[in-house]
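Please read the structure below before turning to the comments.
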Amino acid sequence: MKIPSSTRRNFTAGLLGSASFWMYGGHKVWADALQSESTQSYKPKYFNHEEWLFLNAACARIFPADAHGPDAALLGAPEFIDRQMDTPYGHGELWYMSGPFKEGAPNLGYQLSLPPRDLYRQAIAAANAYVRDHHQGQTFSQLAIPEQIALLKVFEQGKMALGAVPAHTFFEQLRQNTLEGVFSDPLYGGNKGLAGWTLLGFPGARADFMDWVNQKGAPYPFGPVSISGETA
Amino acid sequence: MCAKKVDAIVIGAGWAGSILAKELTEAGLSVVMLERGDERATAVEGDYPTSIDELRGAIRHRLFQNLSQSTVTIRNMPDQEALPYRRLAAFLPGEGVGGAGLHWSGVHFRVAPDDLALRTNVVARYGKNFIPEGMNLQDYGVTYEELEPFFDKAEKVFGTSGEPYTIKGKIAGNGNRFAPDRSDAFPLPAMGEVYSASLFRSAAANVGYHPYALPAANASAQYTNPYGVQMGPCNFCGYCSGYDCYMYSKASPNVNILPALRQDPKFTLITKAHVLKVNLDADKKKATGVSYLDLRTKKQVELDADLVIISAFQFHNVHLMLLSGIGQPYDPQQNTGTVGRNFVYQTITTSRAWLSPKQYTNLFVGAGGAGVAIDDFNSMNFDHGPLGFVGGSPVWVNQAGVKPIAAAIGGPGGKAPTWGEGYKDAMVDTYRHSLTIDAHGSNMAYRDVYLDLDPTYSNAYGQPLLRMTFNWKDNDIRMNQYVVGKIEPIIKAMGATRYSLGMLKDGEVFDTRRYQTTHLGGGAIMGTDPKTSCVNRYLQSWDVSNVFVIGASAFPQGMGYNPTGMVAALAYWAAYHIRTTYLKNPGPMVQA
Ligand SMILES: Cc1cc2nc3c(=O)[nH]c(=O)nc-3n(C[C@H](O)[C@H](O)[C@H](O)COP(=O)(O)OP(=O)(O)OC[C@H]3O[C@@H](n4cnc5c(N)ncnc54)[C@H](O)[C@@H]3O)c2cc1C
Ligand code: SF4
C-alpha cells in the first residue's frame with residue numbers, strides 16, 4: 001500500500017493525540033509507509049548540489065558506518081539538517097543576534113553574526129575552496145575517505161578560518177547537527193528506521209517506566225517507538 | 001482588564017510570583033500578575049506524545065527564555081569587556097506561565113540551618129581570619145525555626161516525596177541525618193530508586209557515608225494538595241528536567257497553584273506583558289505601579305498599585321531593580337551600594353563510573369527530583385579547619401532521564417573520541433553501562449563578582465542588558481576538588497570497571513558554553529544591615545517599602561542545595577508577614 005507522502009503526513013498529524021491514533025498508530029501500514037519514504041531520495045530545499053554533497057560526506061565521516069550499523073547520511077542526518085535550515089533555529093531566531101559583534105574569549109560563547117544557515121553556506125564554500133587549492137581542484141566529497149577524515153580533524157582543531165567562521169566553530173556545528181539528526185525523532189527527517197535509538201537502546205517516546213524503575217541491572221526489554229507510532 | 005489601579009502587581013508567573021499572588025488574593029487584595037511569556041497548559045502543549053520530543057524540548061528550548069528579545073552579557077573579570085550570552089547553554093531561564101518552575105527537575109530541599117548564618121558559624125568555629133580576603137560572607141537574618149512552618153507549607157503544596165529523619169525531635173525514618181528537624185512528615189513517601197541510585201546507596205553506606213533519598217517534588221503517588229489540585233503518580237518517564245510533565249506529577253505553578261488561583265475573581269493573569277520597570281514617586285521612596293509592554297499590541301501600558309512584588313527570577317529581579325532605580329547600585333570599587341552585590345551561582349561537576357557489560361543502567365529511566373544523596377560533605381557537616389575553605393557539596397546520583405541527543409553531543413566521556421571511528425562503540429558502552437555522580441556545591445560571594453547594567457548591549461525594547469561579572473574562585477575550586485575526592489571510594493565500592501572524576505581545575509574560568517545549573521543567586525540579597533543587603537529579612541526593599549523582591553536573588557551566598565525549596569519557603573514567609581503585619585500598617589517592617 002502506498003500513500004502519497006503529503007497526504008500521509010497530514011493524516012498522521014491529524015491523528016496525533018487522538019484516540020484513533022492509538023488504534024492505527026502501531027499498525028504495520030505506518031511502518032511500511034515510513035520505510036518506503038525513507039528509501040526515496042530526498043531533495044534538499046536549502047542546500048545547493050555542492051553543499052549537499054559536502055554535507056552527505058561530512059555526516060558519514062562524523063557518524064560512520066560500522067558493525068553497529070549505517071552512517072549518518074543513510075540515517076537521514078543531511079535531510080534533517082536541510083529541513084532545520086528553514087526553522088526559527090536555522091534562521092537564528094532563537095539567539096540574541098544584536099550587535100556589535102566582537103570576538104571574545106572562547107568561554108564567552110558564540111559571537112558571530114551568522115545564523116546556522118549562513119554559517120553553513122559560508123563555511124562549506126570556504127572549505128571546498130580550501131580543498132580545491134590543496135587537492136588539484138577536487139571538492140571535499142570527491143576526496144578519499146581518509147583524506148576527508150584528516151581534513152575534518154584539521155577543522156576540529158580549529159587552526160584556520162573558513163570565511164568568517166573559525167573552522168572549529170563550523171566543525172562543532174556540523175557535529176552537533178549530525179548527532180541531532182541521528183538521534184531525534186524521525187519526525188524531523190533523520191533517525192531513519194529508529195536506527196539511532198536502537199543503537200543506544202533508547203526506547204524513544206515510550207516515556208512510561210512505571211513498572212521498570214529498577215531492573216537491578218537487566219536491560220529494558222522493549223524497542224523504541226516514535227511520536228508517530230513507528231516501532232523498530 | 002479595565003482597572004487602571006489594583007491593590008497588588010506581581011511580576012512573573014513562576015514559583016515565587018504564583019505563591020505571592022495566591023497569598024495576596026487570599027488576603028482579599030485584587031492582584032494582577034504580569035508574565036512576559038505565553039500561557040502554558042499541560043493539556044495543550046505538554047501532552048503525550050507530542051511533548052516527548054527531545055529536539056523540540058531540551059535541544060531547541062521549547063520552554064526556555066527566547067534570547068532573541070533579551071539576554072545578559074557576561075565577562076569573567078571586571079577589566080574585561082562583557083559579551084552577550086547569545087545562545088542558551090550554561091543556565092536556562094524560563095519564560096511563559098510557570099517560569100522555570102514548569103521545566104525544572106523537582107529536587108526539593110529545605111536548607112542546611114548552618115547555611116542561614118554561615119558567617120556567624122564560620123567565625124564562631126574558625127575565627128574571622130578563616131574568611132578569605134574579598135569574600136563577602138553573610139547571614140540571611142532569618143533562622144530555620146522561623147522558616148520551618150513555611151518549608152512545611154511549601155512541601156504540602158508541591159506534593160513532595162521524601163523520607164524524614166526526625167519529626168518533632170524523634171527519629172521517624174531513614175532520611176538524611178544531617179537534615180534539620182521537621183514538624184511533620186513529607187506529604188508523600190520517597191520516590192522509587194533507579195538501579196544507579198540503589199548502587200550508590202549501598203556503596204556510599206559501605207564507605208561509611210550516610211545516604212538518603214532525595215526529597216522530590218515528583219509525586220510518588222496520587223496526591224491532592226491543600227489548594228485542592230491533584231497530581232498523578234510519576235512514572236519515571238525521563239522527560240523531566242527541561243520539560244513539562246504530561247503525568248501531572250512534577251510540581252509546577254501551573255499544576256499546583258494556578259488552577260486554584262484562576263478561580264478567584266480578584267486575580268487576573270496577563271500574559272505577553274513584559275514589565276519594563278517599576279514606577280516610583282518623585283523621591284523614590286514609594287512605587288506607584290509598573291510600566292509594561294503589551295507584546296500583542298506593542299503598546300506601553302501603565303498600571304498603578306499599592307504593592308509591587310518583583311518575582312521575575314533571580315537575575316531578572318536585579319535587572320528590574322536597576323532599570324527602575326530601586327536602591328543604590330553596587331559599586332565594587334567603593335564597596336558601596338547593594339543592588340547587584342553578592343551575585344552567586346553553584347559549583348557542579350559530574351563524575352562517571354562504568355560498570356560491567358552485564359549491568360544495564362537504563363539511563364533513560366528517571367525522574368528529575370529522584371535519586372540518592374549524601375550530605376556528609378555539605379554545609380558545615382564536616383570539619384573545615386584543616387581544609388581552609390568555606391562551603392560544601394551534597395553528592396548524588398540524580399538520574400533525571402538521559403536522552404540520546406544530549407548524551408551523543410556530550411560524547412562517551414573519558415578519553416573516547418567524540419565522533420568518527422570508535423565513537424559509536426564508546427557511546428554504546430557509556431549509554432548502556434555507566435552512571436553519573438554529581439558534586440553539587442556551594443558558591444561563595446566575592447567583592448568583584450556582581451551584576452550591573454551593560455554599557456553597550458540592549459534588549460529588544462531598548463533597555464540596557466544586565467551584565468554578569470562572574471568567575472570561579474580558589475575557595476570554591478578547592479572545595480569542589482576536596483568533595484570530588486570523596487566520590488572516588490564510592491565508585492570503587494560500586495565495583496566500577498573504570499571511572500572519570502569531574503572536578504574544577506585550578507584557575508578554571510567560568511565557561512558559558514556548558515550547562516551547569518540554573519541555580520543563580522544573590523544580587524538582591526536579604527539581611528539585617530541596609531549597607532550590605534538590598535532587602536530586609538521579610539524580603540522588603542530597604543529603600544522602597546512597598547516593593548518586595550522574592551527569589552533566589554535574596555541568597556547571600558550560593559548553597560549546596562538546589563534553591564527552589566528555599567525560594568518557596570521565603571515566598572511563603574514574606575507573604576505571611578505582608579498579610580499579618582505590612583497590610584495592617586504599610587511601611588518599612590524593619591527600621592533601617
Ligand atoms: C532545567 C532546570 C532544572 C531545575 N531543577 C531544579 C531542581 O531540581 N531543584 C530546584 O530547587 N531548582 C531547580 N531549578 C531552578 C528552578 O527552576 C528555579 O529556582 C525556580 O523556578 C525559581 O522560581 P522563580 O519564581 O524565582 O522564577 P521562575 O520560575 O523562572 O519565574 C519567573 C517568571 O518571571 C517572568 N519574567 C521575567 N522577567 C519578566 C518581566 N520583565 N516581565 C514579566 N515577566 C517576567 C519569566 O518569564 C518567568 O515566567 C531548575 C531550573 C532549570 C532551568
Ligand atoms: S519523570 Fe515523573 S515527574 Fe518527571 S516529567 Fe516524567 S512523570 Fe513527570
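Could you pull out every residue, at least 5 positions away or on a different chain, whose amide H is within less than 5 Å of the one on B:N378? Hs are placed 1.01 Å off N in the peptide plane, and Pro or chain starts have none.
B:S393
Hey, what's chain B come to in accessible area per residue, 1.4 Å probe, Å²? Show your work: numbers first, answer last.
On the way: 19340 Å² over 592 residues.
On a per-residue basis, chain B sits at 33 Å².
For chain B, what is the mean residue ellipticity at 222 nm derived from helices alone (per DSSP H run of n ≥ 4: -39500 (n - 2.57); sum divided by total residues; nearest 500 deg cm²/dmol)? Please list the in-between numbers first.
Details: 14 runs with 132 residues, N = 592.
Computed mean residue ellipticity for chain B: -6500 deg cm²/dmol.
Which percent, to the nearest 5, of DSSP beta bridges fully inside the range B:5-582 are antiparallel?
On the way: 52 of 78 bridges.
Of the beta bridges lying entirely in the range B:5-582, close to 65 percent run antiparallel.
Length gain on complete extension for the stretch B:T166 to B:K285, per 0.36 nm per residue less the alpha carbon to alpha carbon distance? Present the calculation step by step, with values, prior to reporting the outcome.
On the way: separation 119, 0.36 × 119 = 42.84 nm, distance 4.52 nm.
Full extension from B:T166 to B:K285 adds 38.3 nm.
Give me D for the protein assembly as shown in µm² s⁻¹, whole number, from Stokes-Einstein with Rh from the Kirkwood sum over alpha-carbon pairs, 4 °C and 1.567 mPa s.
On the way: Rh = 27.6 Å.
In µm²/s, the coefficient rounds to 47.
Averaged over A:173-186, how many beta carbons belonging to a partner chain fall within 10 Å of each residue's beta carbon?
If you average over the peptide's residues, the count of other-chain Cβ atoms is 5.
Hey, can you grab everything whose amide H is under 5 Å from the amide H of B:K250? Only 5+ residues off in sequence or another chain; H modelled, so Pro and N-termini drop out.
Hits under the 5 Å cutoff: B:A219.
Apply 1/(1 + (r/R0)^6) to the Cβ-Cβ distance of A:M160 and B:Y48, taking R0 = 41 Å, and write down the FRET efficiency to the nearest 0.05.
On the way: r = 47 Å, r/R0 = 1.14.
Result of the calculation: an efficiency of 0.30.
Taking each residue in B:421-432, count the Cβ atoms of any other chain within 10 Å of its Cβ, then average. What number comes out?
Working: counts 4, 2, 7, 11, 3, 0, 6, 4, 0, 1, 4, 6.
Across the residues of B:421-432, the mean count of other-chain Cβ atoms within 10 Å is 4.
Helix B:314-324: angle to the longest alpha-carbon principal axis of chain B, degrees 0 to 90, nearest 10?
Helix B:314-324 sits roughly 20 degrees off the main axis of chain B.
How far is it, in nm, from the label point at B:T120 to the one at B:Y461 when both lie 7 Å from their Cα along the line to the Cβ?
Distance between the two pseudo-spin positions: 4.0 nm.
I need the shape label for the range A:100-232. Rule: rounded when a/c is under 1.5, else prolate if a/b > b/c, else oblate, with a, b, c from the alpha carbon gyration tensor.
Details: a/c = 2.69, a/b = 1.98, b/c = 1.36.
Note, shape of the range A:100-232 comes out prolate.
What's the angle, to the nearest 10 degrees (0 to 90), between helix B:195-207's Cα axis and the longest principal axis of chain B?
For B:195-207 against chain B, the angle is about 80 degrees.
Describe numerically, in nm with one decimal, the distance between label points set 7 Å from Cα along Cα→Cβ at B:Q333 and at B:R498.
5.3
Counting other C-beta atoms within 10 Å, and keeping those with at most 14, which DSSP coil GluC sites (Glu not before Pro) do you find in the range A:81-187? Please report the intermediate quantities before stating the final value.
Values: sites: A:E93, A:E103, A:E147, A:E156, A:E172, A:E180; in loops: A:E93, A:E103.
When the GluC sites (Glu not before Pro) of the range A:81-187 are filtered for loop state and at most 14 Cβ neighbours within 10 Å, A:E93, A:E103 remain.
Looking only at other chains, what is the average number of their beta-carbon atoms within 10 angstrom of each beta-carbon in A:63-71?
On the way: counts 6, 6, 1, 5, 2, 5, 1, 0, 1.
Counting Cβ atoms of other protein chains within 10 Å of each residue's Cβ and averaging gives 3.
Would you grab the residues whose amide H sits under 5 Å from the one on B:S30? Only those 5+ places off in sequence or on another chain, please, with H modelled 1.01 Å from N.
Here the answer is B:D7, B:A8, since their amide H atoms fall under 5 Å of that of B:S30.
Quick check on the range B:368-446: take the gyration tensor over C-alpha atoms, sort the square-rooted eigenvalues as a ≥ b ≥ c, and tell me if it's rounded (a/c under 1.5), prolate or oblate. Present the calculation step by step, with values, prior to reporting the outcome.
Values: a/c = 2.99, a/b = 2.21, b/c = 1.36.
Since a/c reaches 1.5 and a/b is larger than b/c, the shape of the range B:368-446 is classed as prolate.
Taking the Cβ of B:T166 as the center, what net charge do the other residues with Cβ under 11 Å away carry, scoring Lys and Arg +1 and Asp and Glu -1?
Numbers: positive: B:K168, B:K170, B:R177, B:R182; negative: B:D181.
Charge balance in the 11 Å sphere: +3.
Testing the spin-label approximation: label points 7 Å from Cα along Cα→Cβ at A:A218 and B:K415. State their distance in nm.
Roughly 3.7 nm, to one decimal.
Using the Karplus curve 6.51 cos²θ - 1.76 cosθ + 1.60 with θ = phi - 60°, what ³J(HN,Hα) values do you get for each residue of the range B:560-573, in whole Hz, with x for Gly and Pro?
Coupling constants for the range B:560-573: x, 6, 5, x, 5, x, 5, 4, 5, 5, 5, 5, 5, 4 Hz.
Between B:Q69 and B:D294, what length comes free when the chain is fully extended (0.36 nm per residue of separation minus the Cα-Cα distance, one decimal in nm)? Display every interim value, and only then the final one.
Working: separation 225, 0.36 × 225 = 81.00 nm, distance 1.39 nm.
My answer for the length gained is 79.6 nm.
Summed for both chains, how many Å² of accessible area, to the nearest 100, are buried between B and A with a 1.4 Å probe? Intermediate results must be reported in sequence, preceding the final value.
Details: alone 22270 and 13340 Å², together 29840 Å².
About 5800 Å² of accessible surface is lost on pairing.
Within the range B:222-254, whose backbone N sits under 15 Å from a point 7 Å along Cα→Cβ of B:A185?
B:222-224
If you roll a 1.4 Å probe over the protein assembly as shown with all protein chains in place, what percent of the accessible area is carbon or sulfur? Write down the numbers at each step before the final one.
Values: 15870 of 29840 Å².
Within the protein assembly as shown, the accessible surface is 53 percent carbon and sulfur.
With a/c under 1.5 counting as rounded, go ahead and sort the range B:5-582 into rounded, prolate or oblate using the C-alpha gyration tensor (a ≥ b ≥ c being the square roots of the eigenvalues; past the cut-off, prolate if a/b is larger than b/c, else oblate). Before the final figure, lay out the partial values.
Working: a/c = 1.41, a/b = 1.30, b/c = 1.08.
Since a/c stays below 1.5, the shape of the range B:5-582 is classed as rounded.
Based on the mean of other beta carbon atoms within 10 Å per residue, what is the order of B:232-243, B:84-95, most packed first?
Values: B:232-243: 24.6, B:84-95: 22.2.
So the order, starting with the most tightly packed, is B:232-243, B:84-95.
Along the range B:254-266, what does the Karplus equation 6.51 cos²θ - 1.76 cosθ + 1.60 (θ = phi - 60°) give for ³J(HN,Hα), rounded to whole Hz, x for Gly and Pro?
Whole-Hz 3J(HN,Hα) from phi for the range B:254-266: 4, 8, 9, 10, 4, x, 6, 5, 4, 6, 7, x, 7.
Given a Förster distance of 35 Å, report the FRET efficiency between B:T143 and B:D264 from their Cβ-Cβ distance, rounded to the nearest 0.05.
Working: r = 33 Å, r/R0 = 0.93.
The calculated FRET efficiency here is 0.60.
Under the Karplus relation 6.51 cos²θ - 1.76 cosθ + 1.60, θ = phi - 60°, what is the ordered set of whole-Hz ³J(HN,Hα) values for the range B:581-587, x standing for Gly and Pro?
Those phi angles translate into 10, 4, 5, 6, 8, x, x Hz.
Could you compute the FRET efficiency for B:N585 and B:V428, with r as their C-beta to C-beta distance and R0 at 56 Å, rounded to 0.05?
Values: r = 67 Å, r/R0 = 1.19.
Given R0 = 56 Å and the Cβ-Cβ separation, E is 0.25.
The values are calculated or read from the model by the stated rules, or taken from the named source; none is laboratory data. Small disclaimer: the values here were computed from a predicted structure and weren't measured. Glycine also receives a Cβ, built like all others from the backbone with ideal geometry; neighbour counts cover every protein chain displayed. Note: accessible area is taken over every heavy atom of the protein model, side chains too, but ligands, DNA and RNA are not part of it. Shrake-Rupley method; radii C 1.70, N 1.55, O 1.52, S 1.80 Å.
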